[in-house]
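So the structure is just underneath, and the comments pick up after that.
The values are calculated or read from the model by the stated rules, or taken from the named source; none is laboratory data. Bear in mind that the values here come from a model prediction, so they are computed numbers and not experimental data. No Cβ is skipped: glycine too gets one built from the backbone with ideal geometry, and neighbour counts run over all protein chains shown. These area figures cover heavy atoms from the full protein model, side chains too; ligands, DNA and RNA do not enter into them. Shrake-Rupley method; radii C 1.70, N 1.55, O 1.52, S 1.80 Å.
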Amino acid sequence: MENIMDQAYSADDFRRQGHALIDMLADYLEKTTSGAGKTIDWKPPGDQLAYWQLGSLQPLTQPLALFQEAIERSIHLHSPRYMGHQTTPPLPVTVLSSAVSALLNQGQAVYEMGMVGNSLEKIMSEYLAQTLGFGKEASGIMTSGGSLGNLTALLAARAAVSNVWNEGHQEGQRWAVLVSEEAHYCIDRATRIMGLGTEGIIKVPVNERYQMRTDLLEPYYQQVRAEGKQVLCVVGCACTTSTGSYDDLEAIAAFCQKYNLWFHVDGAHGAPAAFSPQYKHLVKGIEQADSVVVDYHKMMMTPSLSTAVIFKRGSNSYKTFAQRAQYLWAEQPGEEEWYNGGKRTLECTKNMSILNVYTILCTYGEEIFKENIERLYGLATTFSAQVRANPAFELAYEPECNIVCFRYRTDGDPNRLNQQIRQLLLEEGDFFIVQTTLKGQTYLRVSLMNPLTTERELQELLETIEQKAAFLQAPPA
Ligand SMILES: Cc1ncc(COP(=O)(O)O)c(C=O)c1O
């Protein structure tokens, strides 16, 4: 038998399996985008675990059988009836660029281990910064995900006003972050990781459209100061996760300017609205932020994880992790070397995910980012009009982007009924939508992530929900 290493690295085997895999993935794409088959074949976690347990599977000499099983047992984001969480159906070309990154496995922390990736991160960060309206000083870095991106930005905010990095927390020094009560939980988590504790995360109430009540910033700020805490930064949402609501970034920027506070925008989902002349008004004021997080893997058709952290003054990003690692960087820790990515991120080894975004831009031009936003936000307008036109349903609020919360009306318990509807949809698997709780009430929630979804699937979703509601409310026979 051939040596196992020679076999495992065989270019011939790779070529054969690779060709077959591309055929398999192309067939999958064709089927899924056409809407054939279920969106999810839901199975209880225990069943799924049991299936994959080592030892219960037939030994596989061909990875393709394993891949086929993984495909069938996964949720299908390319289905036009996928309307669930905020994960994009990636463009097929990014599957090819991902394969290149995977094989090259460039570590990125030091220049030699990421000559291409570090260059692309600089180019793409500056490109994105300009799209958001920043000036020439702006720059950024990539992190693996928005949660890490937000933590990185908050650490930069702290580094701008304190030396906790070297001196640790000082006796009596207490910090706080002001953020909308509807912000993604990763902001809360980031502040706790930074040692601010429960008292350090100040949640500002939202208005009826789930946007931060910026009129409350002043009294909340004064209260925090009166309690002896120092405000580290104010975080604006562009937009919130549950409802897709955009905070008034201009008002937050003005407030931050008044008190000289760091202004961070969590634009993980909604900052790419800046690509569209029709929707860019939603992020007005973002260009005044000190830092912004944008997930390419949410609204920019890129596989996970792929997040940009943009700094208005690029130099700020060098202060956050000022540390010497002799075996990596010979130079002084403070030096601004864009080409040694590890100096500016928590991560040492990091995926070259930026190649995916760069490939999209080079292949299709920035028009595709604009088109994606306009299609998806437009679909939400269409869907909310359908909901409004149907007396069986109610909208939770007027949507601003591609996230819509709505529910089936009933004289009974609407929370219970809508939860049951969602569970039935999940188990049946034709449509995938989620649910959320707003002001203690359960709503069904769609995130229109697939630009191949049409008005027809939206109408079919409402019809299917009506059928489920009728079934659930039918008197027992
Ligand atoms: C507004 C917002 N911020 C941050 C995150 C976290 O991003 P990630 O899942 O990339 O860590 C999410 C995820 O849904 C989000 O919606």
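Rounded to the nearest 0.05, the FRET efficiency derived from the C-beta distance between Gln173 and Ser315 at R0 = 25 Å is 0.50.
Using a 1.4 Å probe on the protein chains only, how many percent of the accessible area of the chain belongs to carbon and sulfur? That share works out to 53 percent.
Roughly how big is the chain's charge dipole about its Cα centre, with Cβ charges of +1 (Lys, Arg) and -1 (Asp, Glu), in debye to the nearest 20?
840 debye
Close amide-amide hydrogen proximity is noted between Val204 and Val179, Ser180, Glu181, each under 5 Å apart and 5 or more residues distant or on a separate chain (H modeled in the peptide plane; Pro and chain starts excluded).
Projecting the alpha carbon convex hull of segment 107-364 along each direction and taking the average yields 13.5 nm².
Placing unit charges on the Cβ atoms of the charged side chains and taking the dipole of the chain about its Cα centre, the candidate lying farthest along the positive direction among Tyr221, Leu452, Met300 is Tyr221. Backbone amide hydrogens, once placed in the peptide plane, bring Ala138 within less than 5 Å of Gly314, excluding anything fewer than 5 places away on its chain.
Antiparallel beta bridges, as assigned by DSSP with both residues in the chain, represent about 55 percent of the total such bridges. Rounded to the nearest 10 square angstrom, Trp52 shows an accessible area of 80 square angstrom against a 1.4 Å probe. Lys31 sits among other residues whose Cβ lies under 14 Å from its own Cβ, and their net charge, with Lys and Arg +1 and Asp and Glu -1, is -3. Computed with every protein chain present, the accessible area of Thr88 is close to 0 Å² [probe 1.4 Å].
For Ser139, the solvent-accessible surface with a 1.4 Å probe is about 20 Å², rounded to the nearest 10.
Residue separation of Gln278 and Gln48 scaled by 0.36 nm, minus their Cα-Cα distance, works out to 78.4 nm of gained length. Rolling a 1.4 Å probe over the heavy atoms of the protein chains gives the chain an accessible area of 47 Å² per residue. Distance from the C-alpha centroid of segment 93-122 to that of segment 240-300: 28 Å, rounded to the whole angstrom.
With 22 Å as the limit, write out which pairs from Lys258/Lys312; Lys284/Lys312; Lys280/Lys319 have Cα-Cα distances beyond it, or answer none.
Over 22 Å Cα-Cα: Lys280/Lys319.
What does the extension gain come out to for Ser74 and Arg456, with contour length at 0.36 nm per residue minus their alpha carbon separation?
135.1 nm
Placing +1 on each Lys and Arg Cβ and -1 on each Asp and Glu Cβ, with no other charges, gives segment 107-364 a dipole about its Cα centre of roughly 40 debye. The Rg/Rh ratio of the chain, with both radii computed over alpha carbons and Rh defined as the Kirkwood radius, is 0.99. Phi angles of segment 306-315 translate, via the Karplus equation with coefficients 6.51, -1.76, 1.60 and θ = phi - 60°, into HN-Hα couplings of 7, 10, 9, 10, 9, 10, 4, 10, x, 4 Hz per residue; Gly and Pro are given as x.
Å³ per residue of the Cα convex hull, for segment 336-378? Expressed per residue, the convex hull around the Cα atoms of segment 336-378 is 119 Å³. Other residues with beta-carbon under 14 Å from the beta-carbon of Leu120 carry, at +1 per Lys or Arg and -1 per Asp or Glu, a net charge of 0.
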